[in-house]
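K.L.:
Could you have a look at this structure, given as structure tokens, before my questions?
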Amino acid sequence: MTKRYVLVHDENKCIGCQACNVACRSENNVPESVTRIQVRIEGPHGNFPNLHFKYNRVSCEQCENAPCVKVCPTGAAYVADDGIVSINEKKCVGCLYCVAACPYKVRFINPDTKVPDKCDFCKKTRLARGESPACVSVCPTDALCFGDANDPQSEVSQLLDTKTNYQQKANLGTQPRVYRIPSRKGGIKA
Amino acid sequence: MKLDRRTFIKGAGASTAGCMLASLPGSIAALGAGPVSGSAKHVASICEMCSTRCPISARVVNGQNVSILGNDKAKSYGGAVCARGGAGHSLLYDKQRIVKPLKRVGERGEGKWQEIDWQEAYETIAKNLNRIKQQHGAESVAFSSKSGSLSNHFFHLAKAFGSPNTFTHATTCPGGYVVAAKAMFGSKAKRDLGNSKYIINFGHNLYEGINMTETRGLMKAQSDKGAKLVVFEPRFSIVADKADEWYAIKPGTDIAVALSICHVLIRDNLYDREFVEQYVEGFDDFAKEVEAYTPQWAEAICDVPAEDIRRITHELAAAAPHAVVDFGHRATFTTEEFELRRALFAANVLIGNIERKGGLYFGKKAKNYNKFAGEMAAPVLAKPGVKNLPKIEAKRIDMVDEQYALIWSSGGIYQSILTAALEAQPYQLRAWVMSRTNPMQTMTDRAKVVEALKAMEFVVACDVYISESAAYADIILPESTYLERDEEIADKSGKNPAYYVRQQVVDTIGDTKPSWLIWQELGHQLGLSQYFPWENMQTLQLFQVDKDAALLSKIKQDGWVSFGKPLMLREPSMVKAFTAQYPNAKPVDADGTYASQLSFKTPSGKIELSSSKVEKMAPGRGVIKYREVTMKKADELFFIQGKVAVHTNSATHNVPMLANLMSNNGVWIHPVTAGHLKITSGDKVRIYNDTGSEEGHALVTPGIRPDTVFAYMGFGSKNKELSRATGRGVHCGNLLPHVISPVTGMNLHTTGVKIAKL
């Protein structure tokens with residue numbers, strides 16, 4: 001694998017404003033009834049006045065050990081050279097195994113194309129033009145960082161080396177490439 | 001501009017539009033949309049999905065979509081764009097958007113419309129307005145508009161017509177702090193959040209009511225510089241969540257904490273004595289007044305522990321001058337806004353953060369900046385003036401009381417239209433011309449706004465939708481959206497001069513016109529041609545840059561051009577960098593700053609902490625003072641509102657992409673209060689008071705004080721034309737009383753309500 005694209009979501013800096021959600025829709029022509037990415041503001045958790053929200057990015061986790069790829073009978077779901085979990089629409093037979101297998105529930109059937117769809121880090125659009133994914137480029141508070149984790153000099157590598165981070169449902173062994181910097185209750189410590 | 005013509009969204013309006021849409025005359029759904037076409041290359045322009053007006057970069061993609069991103073050239077915006085900005089194209093080709101002039105054919109507000117052509121629209125308006133002018137004087141026509149880029153053209157028409165009655169939305173939102181700043185500093189102040197080390201915030205919800213540079217500045221200060229943020233707010237908002245300390249202050253009592261901070265600063269000798277001696281007038285009177293405002297006194301009023309107020313004040317002073325008490329934005333919490341916003345400014349003055357990094361500063365426009373630089377560091381834009389405009393003898397309707405003198409030229413008291421229309425006070429208004437303004441949502445006492453509109457002989461609305469207010473018009477003029485029009489160069493100077501410009505990205509859809517053209521053409525029809533000498537926007541732009549084509553081209557190409565280095569007059573490092581850049585710069589003071597050059601446009605030339613001018617305007621208000629206000633009855637709950645990141649006040653709730661993200665507002669209610677009323681989350685509830693009654697659903701959450709309920713504003717529209725917004729959620733304006741606050745003229749967004757389970 002030449003590159004290992006990862007995304008870091010800093011929950012301290014995220015304000016749940018949905019700029020990412022909208023930018024992704026526009027960039028990738030995502031139909032209204034479905035979504036590739038959203039940030040769910042969950043909570044407030046805790047007891048008054050010691051409360052906090054959780055800013056939960058919900059999108060494809062780009063698993064290194066991807067269940068959707070394992071169950072795909074035709075190879076339509078595959079991991080590309082860049083580590084991005086991708087979809088070959090021509091090979092898809094619409095069996096929905098991948099939708100069922102995803103432990104993060106982020107795969108959906110695109111009502112226009114009738115093919116499974118999900119976040120691909122804007123692989124076919126912005127990434128192909130050498131730009132960062134739409135969500136990353138528009139984020140008002142710079143809560144997202146995208147790059148090649150194989151490059152130790154990259155910003156993502158630096159972040160992952162220096163900040164406490166976690167992956168969702170890591171216990172399943174899926175090895176997600178979306179990393180999260182947990183918010184520290186009471187003030188921002190990025 | 002390279003044009004790329006393709007078919008846009010096949011069959012828009014035909015296949016998927018239901019019966020309701022097909023019956024909305026003048027809409028894209030009814031008329032069918034042409035292909036979307038425009039620049040396939042990125043065009044630098046300016047957003048208009050809210051009033052911040054961020055620089056953007058937009059292009060048409062494959063004739064199907066418009067990609068809207070931030071403009072990287074504008075550094076403080078970081079190339080970012082919020083959800084509203086990114087969704088601009090969703091408004092552009094929304095099937096419910098109005099793209100043909102309409103005239104009312106049923107009763108006013110009944111919702112029966114007929115498409116007409118522009119000439120008929122202009123003729124009808126001119127006939128009616130000229131008749132009213134002839135019979136009752138031009139002053140009986142009110143003109144109101146969202147403030148900003150094109151309101152100049154609209155208010156120019158009002159002046160040419162001869163009416164002094166022009167209004168912006170100031171008194172429904174920011175007017176309070178503008179008036180307070182004018183009284184104290186003589187001009188508006190800005191805040192340098194990005195460089196601040198300690199920030200005290202009174203419910204200025206910058207993480208939901210997004211103002212891109214300020215939101216980014218606050219996050220930068222917190223995340224990169226480790227600034228401490230203290231928030232006083234009755235609701236657990238996003239900014240409260242991101243704070244180091246959050247105090248669920250009792251609604252309407254912010255002023256007690258603010259005054260108490262001033263008390264501690266003075267009593268514990270934490271204030272900047274040198275700064276006060278040099279720059280401040282009226283300190284002694286102020287100090288005498290705040291003697292009584294101890295933290296213990298404040299604690300009893302606001303539920304904030306006295307010891308915390310004392311400690312926070314000491315922390316603030318320790319971080320000074322790179323610290324700030326945020327003076328807020330929506331200044332409609334209580335009727336004592338003038339005192340609250342002045343008290344917040346006073347705390348800043350006491351810590352001497354004026355023109356210091358992380359504190360308050362004043363905008364550096366080209367003219368002033370060049371004086372310091374000793375050369376033409378930045379071009380000065382010319383202002384086209386029209387000579388011999390008619391002299392208007394009539395007084396404005398809000399000029400009944402001298403105490404409001406500071407708001408007359410800052411947007412006026414918008415809600416005074418209601419009193420004039422319904423009670424002929426001070427005289428009868430008979431017509432109302434509106435441009436991109438939605439008083440039905442932003443004013444208060446919706447029923448009264450309806451009455452006022454019905455009482456008018458003639459109403460005109462210029463908008464992109466049949467907004468809740470436009471629904472009561474006689475004539476609706478469809479404005480081109482911001483993606484379809486060119487505008488004048490705008491000044492966006494901060495610490496150094498900066499200009500940017502709005503440019504057309506997409507060819508006009510339907511039969512719409514940019515509003516500058518609408519008002520010019522209407523001016524011709526009204527017989528006022530001599531006051532509209534410019535040919536088009538290009539001639540105006542060239543006039544602005546004094547025919548410097550290279551400069552105009554640069555501004556258009558980059559979309560954002562800033563000049564020189566950031567300058568704060570009392571910040572040594574900035575002054576040093578500035579003088580290094582400009583060899584002919586004004587000589588600096590002994591301490592390496594321009595501190596001695598700092599002056600204020602007040603009667604004394606100093607910061608007026610206490611003001612004899614204000615005392616004369618509004619007896620008893622010269623010195624900042626606490627007055628008890630009654631916000632609700634004993635058996636009621638406080639009702640407060642706020643902004644959400646995906647919508648703009650009263651304007652975007654029908655935009656498809658944004659309506660899809662959020663189309664309803666829950667009523668936040670504390671679990672204990674909800675328990676007493678046997679309400680659980682999701683229950684249908686009635687929320688009511690003497691002003692009105694609304695139905696919505698409960699959102700039971702610990703993120704609100706037990707004595708308070710909250711709802712995001714702008715929802716619950718009531719006219720059938722905004723079908724995605726109508727009947728969804730609670731309409732806040734229907735529960736808020738009609739009030740004109742002292743001195744500022746602000747309306748009021750805090751009141752009492754009762755809640756019942758349905």
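The values are calculated or read from the model by the stated rules, or taken from the named source; none is laboratory data. Remember, it's a predicted structure, so these values are computed and weren't measured experimentally. Cβ placement follows ideal geometry from the backbone for every residue including glycine, while neighbour counts extend to all protein chains displayed. For accessibility, only protein heavy atoms count, side chains too; no ligands or nucleic acids. Shrake-Rupley method; radii C 1.70, N 1.55, O 1.52, S 1.80 Å.
K.L.:
Got a sec to turn the phi values of region B:679-692 into Karplus ³J(HN,Hα) couplings, 6.51 cos²θ - 1.76 cosθ + 1.60 with θ = phi - 60°, whole Hz, x for Gly and Pro?
P.N.:
Along region B:679-692, the couplings run 9, 10, 3, x, 4, 6, 10, 10, 10, 8, 7, 5, 7, x Hz.
K.L.:
Identify all aspartates and glutamates with a Cα-Cα distance to B:K103 below 19 Å; exclude those on the same chain that are fewer than 8 residues away in sequence.
P.N.:
The qualifying aspartates and glutamates are B:E115, B:D117, B:E120, B:E123, B:E457, B:D463, B:E468, B:D474, B:E479, B:D511, B:E521, B:E721.
K.L.:
Quick check on my link table: of B:K220/B:K495; B:K188/B:K556; B:K357/B:K492, which ones sit more than 26 Å apart, alpha carbon to alpha carbon? All intermediate terms of the calculation are to be shown ahead of the outcome.
P.N.:
On the way: B:K220/B:K495 17 Å; B:K188/B:K556 28 Å; B:K357/B:K492 19 Å.
With Cα atoms farther than 26 Å apart: B:K188/B:K556.
K.L.:
Probe of 1.4 angstrom, ligands and nucleic acids ignored: what's the accessible area per residue over region B:637-757, in square angstrom?
P.N.:
Details: 3670 Å² over 121 residues.
Here the residues of region B:637-757 average 30 Å² of exposed surface.
K.L.:
Search the structure for amide H atoms under 5 Å from the amide H of B:M456, placed 1.01 Å from N in the peptide plane, and list their residues when 5 or more places away or on another chain.
P.N.:
Here the answer is none, since no amide H 5 or more places off falls under 5 Å of that of B:M456.
K.L.:
Hey, another quick one. Taking amide H positions as placed in the peptide plane 1.01 Å from N, state which residues far from B:W113 in sequence (5 or more) or on other chains have amide H under 5 Å from it.
P.N.:
Residues meeting the amide H criterion: B:V105.
K.L.:
Per-residue mean of other chain beta-carbon atoms within 10 angstrom of the beta-carbon, peptide B:153-163? Can you show the working numbers first?
P.N.:
Details: counts 0, 0, 0, 0, 0, 0, 0, 0, 0, 0, 0.
Going residue by residue through B:153-163 and averaging, the value is 0.
K.L.:
Please work out the FRET efficiency for the pair A:K124 and A:N150, using the Cβ-Cβ distance as r and a Förster radius of 22 Å; give the result to the nearest 0.05.
P.N.:
0.55
K.L.:
Next question, about the same structure. Chains B and A: how much accessible area gets covered up at their contact, both sides added, probe 1.4 Å, in Å² to the nearest hundred?
P.N.:
Details: alone 27830 and 9820 Å², together 34590 Å².
Using a 1.4 Å probe, the pair buries roughly 3100 Å².
K.L.:
Oh, and also: Of the peptides B:523-530, A:40-47, B:720-727, how do they stack up when ordered by the mean number of other Cβ atoms within 10 Å, highest first? Provide the component values of the computation, followed by the final result.
P.N.:
Values: B:523-530: 16.4, A:40-47: 14.1, B:720-727: 19.1.
Those peptides, ordered most packed to least, come out B:720-727, B:523-530, A:40-47.
K.L.:
Can you grab the distance from the C-alpha centre of region A:147-189 to the C-alpha centre of region B:176-252, Å, no decimals?
P.N.:
Here the answer is 29 Å between Cα centres.
K.L.:
Shifting gears a bit: Could you check which residue among A:R36, A:R177, A:R126 shows the biggest mean-square fluctuation in a GNM of chain A with a 10 Å Cα cutoff?
P.N.:
A:R126
K.L.:
How would you classify region B:112-158 from its alpha-carbon gyration tensor, with a ≥ b ≥ c the square roots of the eigenvalues: rounded for a/c under 1.5, else prolate if a/b is greater than b/c, otherwise oblate? Working shown, then result.
P.N.:
Numbers: a/c = 2.15, a/b = 1.11, b/c = 1.94.
It comes out oblate by the Cα gyration axes.
K.L.:
Please give the FRET efficiency for B:K720 paired with B:K601, using the beta carbon to beta carbon distance and R0 = 60 Å, rounded to the nearest 0.05. Can you show the working numbers first?
P.N.:
Details: r = 49 Å, r/R0 = 0.82.
So the FRET efficiency works out to roughly 0.75.
K.L.:
I would also like to ask the following. Per residue in region B:230-247, which ones lose no less than 40 Å² of accessible surface when going from chain alone to all protein chains (1.4 Å probe)?
P.N.:
Relative to the lone chain, where solvent access is computed with a 1.4 Å probe, region B:230-247 loses at least 40 Å² at B:F236, B:I238, B:D241, B:K242, B:D244, B:W246.
K.L.:
Rank-order B:352-360, B:89-97 by packing density, defined as the average count of other C-beta atoms within 10 Å over each peptide's residues, highest first. Walk me through the numbers before you get to the answer.
P.N.:
Values: B:352-360: 25.8, B:89-97: 24.0.
In descending order of packing, they fall as B:352-360, B:89-97.
K.L.:
Now a separate question. I'd like the mean, over residues of A:19-32, of how many other protein chain beta carbons sit within 10 Å of each residue's own Cβ.
P.N.:
Average per residue, whole number: 6.
K.L.:
Go from 0 up to the bin containing the longest alpha carbon distance in chain B, width 20 Å each, and give me the % of pairs per bin.
P.N.:
So the P(r) values, bin by bin, are 16, 50, 31, 2.
K.L.:
Calculate the length of the line joining the C-alpha centroid of region B:334-366 to that of region B:445-488, in whole Å.
P.N.:
So the separation of the two Cα centres works out to 36 Å.
K.L.:
Let me ask another. At B:K367 and B:Q278, where each label point lies 7 Å from the Cα along Cα→Cβ, what is the point-to-point distance in nanometres?
P.N.:
If labels sit at B:K367 and B:Q278, their model points lie 2.6 nm apart.
K.L.:
Once you average over the residues of A:133-141, how many Cβ atoms of partner chains fall within 10 Å of each Cβ? Can you show the working numbers first?
P.N.:
Working: counts 0, 3, 0, 0, 7, 11, 6, 17, 13.
Taking all residues of A:133-141 together, the mean is 6.
K.L.:
Let me ask something else about it. Round to the nearest 10 and give me the degree value, 0 to 90, for the angle of helix A:19-28's Cα axis relative to the longest principal axis of chain A.
P.N.:
Helix A:19-28 sits roughly 20 degrees off the main axis of chain A.
K.L.:
With r defined as the distance between the Cβ atoms of B:H524 and B:K576 and R0 fixed at 41 Å, what FRET efficiency is calculated, to the nearest 0.05? It would help to have the intermediate numbers written out before the result.
P.N.:
Numbers: r = 55 Å, r/R0 = 1.33.
That pair, B:H524 with B:K576, gives E of 0.15.
K.L.:
Between region A:1-53 and region B:50-103, what's the alpha-carbon centroid distance in Å?
P.N.:
21 Å
K.L.:
Note the full-extension length gain between B:E120 and B:D591 as 0.36 nm times their separation in residues minus their Cα-Cα distance, in nm to one decimal.
P.N.:
Details: separation 471, 0.36 × 471 = 169.56 nm, distance 6.69 nm.
Length difference between fully extended and current span is 162.9 nm.
K.L.:
So what is Rg over Rh here for region A:5-181, counting just Cα atoms and using Kirkwood for Rh? Let's see the in-between values first.
P.N.:
On the way: Rg = 16.2 Å, Rh = 16.8 Å.
Dividing the radius of gyration by the Kirkwood radius yields 0.96.
K.L.:
Placing unit charges on C-beta atoms (Lys and Arg positive, Asp and Glu negative, everything else neutral), compute the dipole magnitude of the protein assembly as shown about its Cα centre in debye, rounded to 20. Don't skip to the answer; put the middle values down first.
P.N.:
On the way: 116 positive and 97 negative charges, 348 e Å.
It comes to approximately 1680 debye.
K.L.:
If you roll a 1.4 Å probe over the heavy atoms of the protein chains, what accessible area per residue do you get for region B:180-363, in Å²?
P.N.:
Details: 4980 Å² over 184 residues.
On a per-residue basis, 27 Å².
K.L.:
Averaged per residue, what accessible surface does region A:1-118 expose to a 1.4 Å probe, in Å²?
P.N.:
Values: 4950 Å² over 118 residues.
Result: 42 Å² of accessible area for each residue.
K.L.:
Then there is this: Roughly what would the spin-label model give for B:K288 and A:A170, points 7 Å off Cα along C-beta, in nm?
P.N.:
Each label point is offset 7 Å from its Cα along the Cβ direction, giving 6.5 nm.
K.L.:
Also, I was wondering about something else. Loop only by DSSP, 12 or fewer other Cβ within 10 Å of the Cβ. Give me the GluC sites (Glu not before Pro) in region B:383-444 that pass, ordered by residue number.
P.N.:
On the way: sites: B:E393, B:E402, B:E423; in loops: B:E393.
Here the sparse-neighbourhood loop sites are B:E393.
K.L.:
Check which residues have an amide H placed less than 5 Å from B:G203's amide H, if you skip close sequence neighbours.
P.N.:
B:F232
K.L.:
For q = 0.10 Å⁻¹, what log10 I(q)/I(0) does the protein assembly as shown give under the Debye formula with an equal point scatterer on each alpha carbon and no solvent?
P.N.:
So the normalised log intensities work out to -1.30.
K.L.:
Quick one: 3J(HN,Hα) in Hz for region A:60-67, Karplus 6.51/-1.76/1.60 with θ = phi - 60°, rounded, Gly and Pro as x.
P.N.:
Result, rounded to whole Hz: 4, 8, 6, 4, 6, 10, 7, x.
K.L.:
Would you work out what percent of the accessible area of the protein assembly as shown, with all protein chains in place, is carbon or sulfur (probe 1.4 Å)? Working shown, then result.
P.N.:
On the way: 16960 of 34590 Å².
Exposed carbon and sulfur together represent 49 percent of the surface.
K.L.:
Another one. Enumerate the calculated ³J(HN,Hα) couplings along region A:4-17 in order (Karplus 6.51 cos²θ - 1.76 cosθ + 1.60, θ = phi - 60°), each rounded to whole Hz, writing x wherever the residue is Gly or Pro.
P.N.:
Karplus-based 3J(HN,Hα) across region A:4-17 equals 9, 5, 10, 10, 10, 10, 8, 5, 5, 8, 6, 10, x, 7 Hz.
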